[in-house]
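To start, the structure under review is shown below, and the notes come after it.
The values are calculated or read from the model by the stated rules, or taken from the named source; none is laboratory data. A quick note: this is a predicted structure, and the numbers were derived from the prediction, not measured. Don't worry about glycine lacking a Cβ; one is built from the backbone with ideal geometry, like all the others, and counts go over all protein chains shown.
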Amino acid sequence: MTRALSTPPVIASGSLGGSPQPVLATTGGLLLRPWEEADAPAFLSAYQDDGIRRWHTRRPATEPQVREWFDAYRQDWKHEKGGHWAITRDGVEVLGRIALRGFDFDDGMASAAYWVLSAARGAGVASRSLLAVTTWALDEIGFHRLELDHSTRNPASCRVATKSGYLLEGTKRSAAVHDDGRHDMHLHARVRGD
Ligand SMILES: CC(C)(COP(=O)(O)OP(=O)(O)OC[C@H]1O[C@@H](n2cnc3c(N)ncnc32)[C@H](O)[C@@H]1OP(=O)(O)O)[C@@H](O)C(=O)NCCC(=O)NCCS
């Protein structure tokens, strides 16, 4: 009789990176697709927005740097570290960004992140996109737990999380550096079966 040498991973290594990153549809007709070179100007200009600058401290400064980020995103997918999607109308116009990062296949975990361009806010773009990647990850791929954190001073992000079924689990004290200093961070998670 052969014995397993360790606890089997929740998701088998090699199950994602060998296939193209999928395009995901949200309710209401948005398309989440991989970033394309032509998105670089829109991506760069998003980081000129005060709301996005406030909550996202790692920011690209030039279009070549954006293209390096896009390349890193492709590598993340290939090496099964994460998935990064442009939130688009009709696959063309970029409305925002959504990502699942830190793929941990052993425990079946990943972390969500997002921003939406100011002109597209307040219409459910973030929450519909978060629901689409969540359904894909939990129901199609077999992830078990998806986490999301945000500054306790960012109530809009807290609302997106709770609307999308990510329960508030607690507050990580002094957990992230922002431009104006350290912030406490809410930890939310959605677990399969919630
Ligand atoms: C947070 C953000 C992604 C939300 O995007 P969005 O597409 O407008 O989100 P949705 O429309 O799906 O939902 C927003 C919810 O927040 C609520 N909201 C907005 N501003 C709020 C505020 N100041 N206080 C409380 N709730 C607020 C909206 O009313 C809505 O809830 P409702 O549907 O119950 O009315 C967007 O505002 C953004 O990109 N902000 C800047 C960057 C950022 O905060 N990124 C997240 C870092 S963790």
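Within region 85-94, the set of residues being under 18 Å from Gln21 (Cβ atoms) and either in a loop (DSSP other than H, G, I, E, B) or in contact with a Lys or Arg (Cβ under 7 Å, 6 or more places away or on another chain) (or both) comprises Trp85, Ala86, Ile87, Thr88, Gly91, Val92. Looking at the structure I just gave you, is Arg97 within 21 Å of Ala156 (Cβ to Cβ), touching a residue at least 24 places away in the same chain (Cβ under 8 Å), assigned to a helix (DSSP H, G or I) and of a type in the set (D, E, K, R)? Against the criterion (within 21 Å of Ala156 (Cβ to Cβ), touching a residue at least 24 places away in the same chain (Cβ under 8 Å), assigned to a helix (DSSP H, G or I) and of a type in the set (D, E, K, R)), Arg97 does not qualify. Look at (1) surrounded by fewer than 17 Cβ atoms within 10 Å (Cβ to Cβ); (2) in contact (Cβ under 8 Å) with a residue 24 or more places away in the chain; (3) part of a loop (DSSP other than H, G, I, E, B) and you find that Gln21 fails only one, number (1).
Consider Asp104 carefully, then state whether it is surrounded by 15 or more Cβ atoms within 10 Å (Cβ to Cβ) and acidic (Asp, Glu).
Yes.
Confirm whether Leu31 is closer than 13 Å to Ser129 by Cα, crowded, with 17+ Cβ neighbours inside 10 Å, in contact with a helix residue (DSSP H, G or I) (Cβ under 9 Å, 6 or more places away or on another chain) and not polar (S, T, N, Q). When the stated conditions are applied, Leu31 does not pass them. Within this structure, His188 passes the test of being surrounded by 15 or more Cβ atoms within 10 Å (Cβ to Cβ) and either modelled with pLDDT under 95 or within 12 Å of the ligand (Cβ to nearest atom) (or both).
Of the candidates His56, His79, His144, the single residue that is in contact with a Phe, Trp or Tyr (Cβ under 7 Å, 6 or more places away or on another chain) and surrounded by fewer than 21 Cβ atoms within 10 Å (Cβ to Cβ) is His56. Remark: pairs (first residue in region 153-165, closer than 10 Å to Ala126 by Cα and more than 7 Å from the ligand (Cβ to nearest atom); second residue assigned to a helix (DSSP H, G or I) and modelled with pLDDT of 95 or more; Cβ separation under 8 Å; 6+ apart in sequence or on different chains) = Ala161/Leu130; Ser164/Ser127; Ser164/Leu130; Ser164/Leu131; Ser164/Thr134.
Under the condition of being charged (D, E, K, R), away from the ligand (no atom under 16 Å from the Cβ), more than 15 Å from the chain's Cα centre (by Cα) and assigned to a helix (DSSP H, G or I), the residues counted in region 28-76 number 6. One residue alone among Asp90, Asp71, Asp49, Asp107 is acidic (Asp, Glu) and touching a Ser or Thr at 6+ places or on another chain (Cβ under 6 Å), and that residue is Asp49.
Filtered by the rule that a residue be out of contact with any helix residue (DSSP H, G or I) (no Cβ under 9 Å at 6 or more places or on another chain) and not aliphatic (A, V, I, L, M), region 123-144 gives Arg128, Ser129, Thr134, Thr135, Trp136, Asp139, Glu140, Gly142.
Please verify whether region 119-126 includes one or more residues that are within 12 Å of the ligand (Cβ to nearest atom), within 23 Å of Arg74 (Cβ to Cβ), of a type outside the set (Val, Ile, Thr) and buried (at least 20 other Cβ atoms within 10 Å of the Cβ). No, because not a single residue in region 119-126 is within 12 Å of the ligand (Cβ to nearest atom), within 23 Å of Arg74 (Cβ to Cβ), of a type outside the set (Val, Ile, Thr) and buried (at least 20 other Cβ atoms within 10 Å of the Cβ).
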